Amino acid sequence: MAAATAAERGHEVILLERSDRHGGQINLAAVPPHKDDLRLISDYLYRKAQRAGVAFRFLCGATPESVRELSPDAVIVATGSLPVIPRFCASAAGAVPAQDILSGAEAGENVLVLGGGLIGCETAEYLAARGRSVTVVEMLPQLAKDMEWCARVLLLRRMASLGINLRPGNEILSIGADNAVTVRNGKGREETLSGFDTLVVAVGYASNAVGTINDVARISRRCREVGALLSVDAVHIAPHKAIDMDAIGADMLFCSVYKFFGGHIGIAAIRKNVFEALDTYRLHPAPSTAPGKLETGTQSHEAIASIVPAVDFIAGLGTGSTRRERLVSGFERIERHENALAEIIRHGLAGVPGLTLYQSEGPKTATVAFTLEGQ
């Protein structure tokens, strides 16, 4: 999509692709049963890019040398994401990522899928439909919670009809060299599952559901090393902690005012040089300069009016000679108070029978996530 848009705007575009075809992870998403129509999206975008004049170079991975040889004015990185492989899978000789299975890797007759989210459940259905005996282990009490409701209900019905052994509420404790998996169920009982030829790893990607505070400054340094821009989704952190764009090295940062007691309106903080270079979709009457070129119509003036009072409210909780100092101080006061409350809540929940608490071991906001057996 980015290549087609750039070409349509008059740029000479070369697209490097490591594999032998277009589509990327859409190709994998289209493999499970009842999802082959997704290939139409990939094919449509490919034809669109071809008509716009994009030069495709397949079987050509992007390396520092190959990029420098092309001497481009700009580089767009659209390399997707990689599956997470937990450390406890290191000793499992038959462990493969779900993405490899969907790409055509062979699986044995008896398969254990580690992770019952969208990818894990769809991969399980794919294997069961091909005659494999499949078991799915998921730590959360419900399977495929990251799916749209109606599609999830239909998928779970198909999985049941295929005879897939579904084990939600099972935490994986360890994996032996013989692919024996030790789990703990919601009642605290441990059990060893064995007899599997293949372990399919489908544990998903990073999530902020438990309040994890990511090391954005470290990510920024890596971005600078490769000449990439850093865009930060700060919706979750904004009501909990003072943000310093310069300190974390963000080029763009987005958050929502309603998260910190204001109106329902978004904030886009973009460095001036980056903002001026952005080619945005806009109405003809709209200005071509920042910040107006980001607006697509009449602004929400009543919501805008709520921003300053919301900021001043937080500043009013702190001390200092400038608004910035008072804001930082106010957020520190909020953080101390809500973290103390969160610890009280976590401590209390830890003693509730059948309750599982989810939290980051590293820095985190006052976010409490838990599930209760049977609910």
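Only the coordinates and a few stated rules stand behind these numbers; no lab work does. In this text, all values refer to a predicted model and were calculated from it rather than measured experimentally. Cβ atoms come from the backbone with ideal geometry, glycine included; neighbour counts cover every protein chain shown.
From the P(r) of segment 87-201, can you give the percent of Cα pairs sitting at distances over 21 Å?
More than 21 Å apart: 32 percent of the Cα pairs in segment 87-201.
For the chain, how big is Rg over Rh, using alpha carbon atoms and the Kirkwood form of Rh?
Dividing the radius of gyration by the Kirkwood radius yields 1.00.
Once you charge only the Cβ atoms, +1 for Lys and Arg and -1 for Asp and Glu, what is the size of the charge dipole of the chain about its Cα centre, to the nearest 20 debye?
400 debye
May I ask you to derive the relative contact order of segment 256-375, considering only C-alpha pairs under 8 Å and at least 6 residues apart, and to give it as an integer percent?
Worked out over segment 256-375, it gives 15 percent.
Counting other Cβ atoms within 10 Å, which trypsin sites (Lys or Arg not before Pro) in segment 3-73 have at most 16 and lie in a DSSP loop?
Of the trypsin sites (Lys or Arg not before Pro), the ones in loops of segment 3-73 whose Cβ has at most 16 other Cβ atoms within 10 Å are 9, 18, 21, 35.
Taking the Cα centre of segment 216-314 as origin and charging only Cβ (+1 Lys, Arg; -1 Asp, Glu), how large is the dipole, in debye to the nearest 20?
That gives segment 216-314 a dipole magnitude of about 300 debye.
Sort largest first and round to whole Å: the equivalent ellipsoid semi-axes of segment 2-70, each the square root of five times a Cα gyration tensor eigenvalue.
For segment 2-70, the semi-axes come out at 24, 16, 7 Å.
Given an 8 Å cut-off on Cα distances and at least 6 residues of separation, report the relative contact order of the chain as a percent.
12 percent
What spacing in nm lies between the two simple spin-label points modelled at residue 319 and residue 283, each 7 Å away from Cα in the Cβ direction?
4.9 nm
Using θ = phi - 60° and the Karplus curve 6.51 cos²θ - 1.76 cosθ + 1.60, what whole-Hz ³J(HN,Hα) does each residue of segment 52-65 get, with Gly and Pro shown as x?
Karplus-based 3J(HN,Hα) across segment 52-65 equals 7, x, 5, 8, 8, 10, 7, 6, 9, x, 7, 10, x, 5 Hz.
Taking Rh as the Kirkwood radius computed over C-alpha pairs, what is the Stokes-Einstein D of segment 216-314 at 4 °C in a medium of viscosity 1.567 mPa s, expressed in µm² per second?
87 µm²/s
Can you list the HN-Hα couplings for segment 112-126, worked out from phi with the Karplus curve (6.51, -1.76, 1.60; θ = phi - 60°), rounded to whole Hz and with x for Gly and Pro?
Each residue of segment 112-126 in turn: 10, 9, 8, x, x, x, 4, 5, x, 5, 5, 5, 4, 4, 4 Hz.
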